[in-house]
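The values are calculated or read from the model by the stated rules, or taken from the named source; none is laboratory data. Small disclaimer: the values here were computed from a predicted structure and weren't measured. Reconstructed Cβ throughout: ideal geometry from the backbone, glycine too, with neighbour counts over all protein chains shown.
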Amino acid sequence: MSLLIADGIGKSFGGLRALAGVSFAVDEGEIVGLMGANGAGKTTLFSIIAGHQRASEGAIRFKGASISGLRPDQVCRLGIARTFQIVRPFAGLSARDNVETALLFGGAQQSASAKVSDRAMEILEEVGLVDQWQKPAGAMTLSGRKRLEVARALGTAPELLLLDEVMAGLTPAEVAEMLETLRSVKRGYNLTIVIIEHVVRALVELSDRIIVLHHGELIAEGAPADIAKDKSVRAVYFGEEDA
Ligand SMILES: Nc1ncnc2c1ncn2[C@@H]1O[C@H](COP(=O)(O)OP(=O)(O)OP(=O)(O)O)[C@@H](O)[C@H]1O
Ligand SMILES: [Mg+2]
C-alpha cells in the first residue's frame, strides 16, 4: 500500500512557480531518493508534506487520508518527521535535551520522566552520538549536528522520515557512516524514507527508487541505476549538454 501520495502538487511564490503538477507515491518500507539541481523545488515539496507550507494546487495523502492543510505539529503526530536542510537544534541545549524535547512534543507524546532521558540516550546511541550527550548542539561539528537532526526526528516516533540533505558537507568517511546509520535506523524503526541529497553516489547506493525534479516538475522516476544513466537527467543535473 502507498504510505504517501502526492497528487498534482503545485506551489507558486508570487510569480515564481516552485512546483507544478508533481505526483508520486511512496510505498511502505521504501527508500525514495529525491534529486534535482539547486532551486528545483525539493525542500518546498518537503515543507508542503510536513505542513510548513500550503500547496497552491493538489493534495497530499498519508495512509489514505488527506493531510493537506494540517499544521506541522498535527502532521508530526500522524507519523511524519522531517529534518531541515539548515539544521535547527536548540543550540544551547545538550544533545540529550534536544532529543528529549522531540520525545516530549512529537508523535510519541511521552510524559516527562526518567524514562524520557533513557529513551533519548538510546536514540543518541542509535545515531552514534551517545558519547556527546552532554555537548551543547551549538558546539557540535557539522556531522554531529546532522546526526542530532536525525535523532530529533526519530524522537517523534515517525513512520515516514523526510531527510533534507543530511549528508551535505560531510567528508566521504562521514557520508559512509551516515549511510550505515540510516540503514540501521530504517530497520530498527521499520521506517519509510524520502531523502533529498546532492551526493548522488550516496543516493544511488541507498535508494530503492529515485525521483528527479527539475524547475519544479517531476522529469524522471525509476531505479537508481537507470536514473544515473538517464540522458535527460544527466543533461539537466550534471550539465552534460551532449548527453
Ligand atoms: N518562502 C519562499 N518564498 C519565495 N520563494 C521561495 C520560497 N521558498 C523557496 N522559494 C523558491 O522556490 C524555488 C525552489 O526552492 P527550494 O528551496 O524548494 O529548492 P531546492 O530544490 O530545495 O534547492 P536546494 O538544492 O538549493 O536546496 C527556488 O527558486 C526558491 O528560491
Ligand atoms: Mg533544498
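The requirement of being outside any strand (DSSP E or B), touching a Phe, Trp or Tyr at 6+ places or on another chain (Cβ under 6 Å) and more than 16 Å from ligand 1 (Cβ to nearest atom) is fulfilled nowhere in segment 21-36; no residue meets it. Which condition from (1) touching a Lys or Arg at 6+ places or on another chain (Cβ under 9 Å); (2) modelled with pLDDT under 95; (3) surrounded by fewer than 19 Cβ atoms within 10 Å (Cβ to Cβ); (4) in a helix (DSSP H, G or I) is the one that Asp118 breaks? Answer for Asp118: the failing condition is (1). Taking segment 37-60 as the range and being near ligand 2 (Cβ under 8 Å from one of its atoms), part of a helix (DSSP H, G or I) and either out of contact with any strand residue (DSSP E or B) (no Cβ under 7 Å at 6 or more places or on another chain) or of a type in the set (Lys, Arg) (or both) as the test, only Lys42 passes. Counting only helices (runs of 4 or more DSSP H) that sit completely within segment 133-243, those holding 1 or more residues that are over 28 Å from Ile123 (Cβ atoms) and without any contact (Cβ under 8 Å) to a residue 24 or more places away in the chain correspond to 224-229, 231-237. If you take the residues of segment 193-202 that are of a type in the set (A, V, I, L, M) and within 14 Å of ligand 2 (Cβ to nearest atom), which of them is surrounded by the fewest Cβ atoms within 10 Å (Cβ to Cβ)? Per the stated criteria, the residue is Val199. Considering segment 141-150, and only residues there that are crowded, with 20+ Cβ neighbours inside 10 Å and hydrophobic (A, V, I, L, M, F, W, C), the residue that is farthest from Ala95 (Cα to Cα) turns out to be Val150.
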